[in-house]
Amino acid sequence: MLRRLLGAIALSAALAAPALADEPGPGGSKPPVAKTGEEVYRTYCQACHMADGKGAKGAGAFPALAGNERLGTTGYVAFMVANGKGGMPWFKDALSKEQAQALIGYLRTHFGNNYKEPVTAADVEAFGQRPTSRF
Amino acid sequence: MDTGRPTPTRRQLLNAIGLMGGTAAVYQMMTTFGHAAETRFPGPPKLDGARKGSTVIVLGAGLAGMLAAHELEKAGYKVQILEYQNRPGGRNWSLYGGDKYTEMGGATQNVGFAKGNYLNPGPWRIPHHHKTLLHYCKAFGVELQPFIQFNHNAYVHNVDAFGGQPQRFRSLAADFEGNVAELLGKAIDQKALDAKLTAEDTDRLKEALRSWGMLDKDMRYVKGLASSSHRGFELPPGGGVNGAPKPSDLLPFDQVLRSGIAANMAFFMNDEFQTTMFQPVGGMGKIGEGFAKQVGHLITYNAKVTKLFQDKSGVSVTYTDNVKGGTTTAKADFCVCTIPLTVLSQIETNMSEKKQAAIAAVPYSNSVKIGLEMRRRFWEEDQDIFGGHSFTSQEIGLISYPNNNFFQDGPAVLLGAFAGGAGGYRLGGMTPEQRIEVALQQGSVFHPEQYRKEFLNGASVAWNRVPWAMGCCARWNEETRAEHYQTLVAMEDRIVLAGEHASYVGCWMEGSLLSSLDAITRLHKRALEA
């Protein structure tokens, strides 16, 4: 119940925010809620890191997650997903703790990565935050 | 509302104040009226007297870069522009039939629109107070036409309201306002506002609520000709024998609340989404083309910048030719760099650590736009919708109807999605074919009979996969503004950054232009001091 309430508050906060960019308008662009690690990856990550996790090149590059040794360190992955880096946005307010946990576990055990040690609740403390002010 | 005495016109009032208090008082009063506060554009810069032989290299032939080049060339600098793409305009862009577009990851689309039809993947509407942009559109001969921003007759759809049935904006808005007026009227009758308002003001408020909310004599919002005159009729007024109108049923208020209509109404109150808005005739890309008519002779296309260095003697930029290969190093006294931060943060440079930290501190938003070409204008012919947007809580966000060529036969292009946030990521992660399928499926909610039947072809742009932008717009927050913004915009030795990312008008062309003017004004001052 509390979570639902907090979710509702976060949503209303998002709706009440002033527009600071040319944007679609209120209420839209809600995808189905991603639950499994793979669903979270397909929803949020493959837009840049691509369906096969190999990243892509343009004027710059999106790094590959496939066969990426950095995924061996859970804390590193959690920090990057939570806070972003360079052009990559932060996801600490987009993903719940459960979604982050599922995603990081998925990344560490797919795309040629084989890090079996489970992702714990403590690893994803940073997630589930309220939306950040955008001004 | 006749007060029994003549009210002075605004001009009379300003004249009187001017006589009493001078210009400053007039300005103060104009600001109070909201007439002087809408723009930060001081007019085109008056830069002149550049030192003979001074050179500037501009990175990026988007609007910020091209404006910088134009004004600096006028001021007497020798200017060169390097552009990654084979076209000018940057994110100011239109896709037409015959265009080929390859996104990061390799998916290629061949746009199949009929002649004259287009998709504006990036900017698509211009607020009337974005005066820098409007000024240069006029100066560069870019013809503008109205952009139908607000259409009462378009739809609002929320999967959680009315069993997923879309409703007309006007009906939802009227029912929201009518119910709010009635409830507030009840609160007044229950003395809930007595502590806040005098009896006289309470009466005024009640009258206002009655006329605003279309309430009856008993302050009730009910089915009738009054409410129908806002929300629409069951049978609209006609002529002759059966001309009498029939009122329409009201929507259940709990469902009206669920629809989120208040947020849609608030959206249109946002100062950047208020009417009047404009678009260029023939596609947004006409603005970039207009700018390029001024500075096209300065642009080197297909130039991928790999290094940006500066020292006491000048700036050196290394770039490779995307098409022919080969590496060149160009030198100049100064540099205006408009490369999006997504890309710039991956370019080798000797700018200060603090500057590089600022460049790497600003992530980019994503958005996805999808154009759907339909065989005919069924939204006009069958549903009386002429321009404007139908909103949905689904991933596509909205569909938007073309603002030109009304009543014409032949194919027309709808904006089938403008998705941001999570929906933008998910659509962006799909193949172009999958995006079209989702757009057709979700957009069908508004036009179930016609949407798939009349569909001809489509094109999509997911901004995170645009090779030269790798994102849509800079996404600042309070923390990053405080820590990095001033560092980012500061001219560091010989290099200054410009673009929407270096402004508080983020994600608008106006922001890139205001940023550019500010940057070159400082550059010119620095150059004269050097």
Determine, yes or no, whether B:ILE520 is at pLDDT 95 or above, touching a strand residue (DSSP E or B) at 6+ places or on another chain (Cβ under 6 Å) and closer than 24 Å to B:VAL56 by Cβ. no
Leading residue by the ranking (nearest to B:LEU341 (Cα to Cα)) among those in segment A:61-87 that are under 10 Å from the mean Cα position of the chain (by Cα) and within 14 Å of another protein chain (Cβ to nearest Cβ): A:GLY84
Yes/no for B:LYS304 being closer than 29 Å to B:ASN464 by Cα, within 14 Å of chain A (Cβ to nearest Cβ) and modelled with pLDDT of 95 or more: yes
Would you tally the residues in segment B:365-376 being crowded, with 24+ Cβ neighbours inside 10 Å and either within 14 Å of chain A (Cβ to nearest Cβ) or of a type in the set (Phe, Trp, Tyr) (or both)? 5
So B:PHE176, is it among the aromatic types (Phe, Trp, Tyr), touching a Ser or Thr at 6+ places or on another chain (Cβ under 9 Å) and not in a helix (DSSP H, G or I): no
Listed residues B:GLN441, B:GLN408, B:GLN450, B:GLN434; which is farther than 22 Å from A:ASP22 by Cα, among the polar types (S, T, N, Q) and within 11 Å of chain A (Cβ to nearest Cβ)? B:GLN434
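Rundown of residues vs (1) within 14 Å of another protein chain (Cβ to nearest Cβ); (2) touching a strand residue (DSSP E or B) at 6+ places or on another chain (Cβ under 7 Å); (3) in contact (Cβ under 8 Å) with a residue 12 or more places away in the chain; (4) crowded, with 18+ Cβ neighbours inside 10 Å, yes/no style:
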position	(1), (2), (3), (4)
B:GLY296	no, no, yes, no
B:THR300	no, yes, yes, no
B:LEU308	yes, yes, yes, yes
B:CYS337	yes, yes, yes, yes
B:PHE378	no, no, yes, yes
B:ASP382	no, no, yes, no
Is it the case that B:ALA419 is within 11 Å of chain A (Cβ to nearest Cβ) and within 25 Å of B:ALA361 (Cα to Cα)? yes
Tally of residues being under 30 Å from B:LYS115 (Cβ atoms) and either in a helix (DSSP H, G or I) or of a type in the set (A, V, I, L, M, F, W, C) (or both) across segment B:275-334: 19
For B:ALA181, state whether it is in a helix (DSSP H, G or I), modelled with pLDDT of 95 or more and within 14 Å of chain A (Cβ to nearest Cβ). no
Go through segment B:476-511 and give me each residue that's within 23 Å of B:GLY89 (Cβ to Cβ), out of contact with any His (no Cβ under 9 Å at 6 or more places or on another chain) and of a type in the set (Asp, Glu). B:GLU500
Taking B:LEU514 as the residue in question, decide whether it is crowded, with 24+ Cβ neighbours inside 10 Å and part of a helix (DSSP H, G or I). yes
Which listed residue is more than 14 Å from chain A (Cβ to nearest Cβ) and outside any helix (DSSP H, G or I), from B:GLY471, B:GLY458, B:GLY506: B:GLY458
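The values are calculated or read from the model by the stated rules, or taken from the named source; none is laboratory data. Here the structure is a predicted model, which is why all the values come from computation and not from measurement. No Cβ is skipped: glycine too gets one built from the backbone with ideal geometry, and neighbour counts run over all protein chains shown.
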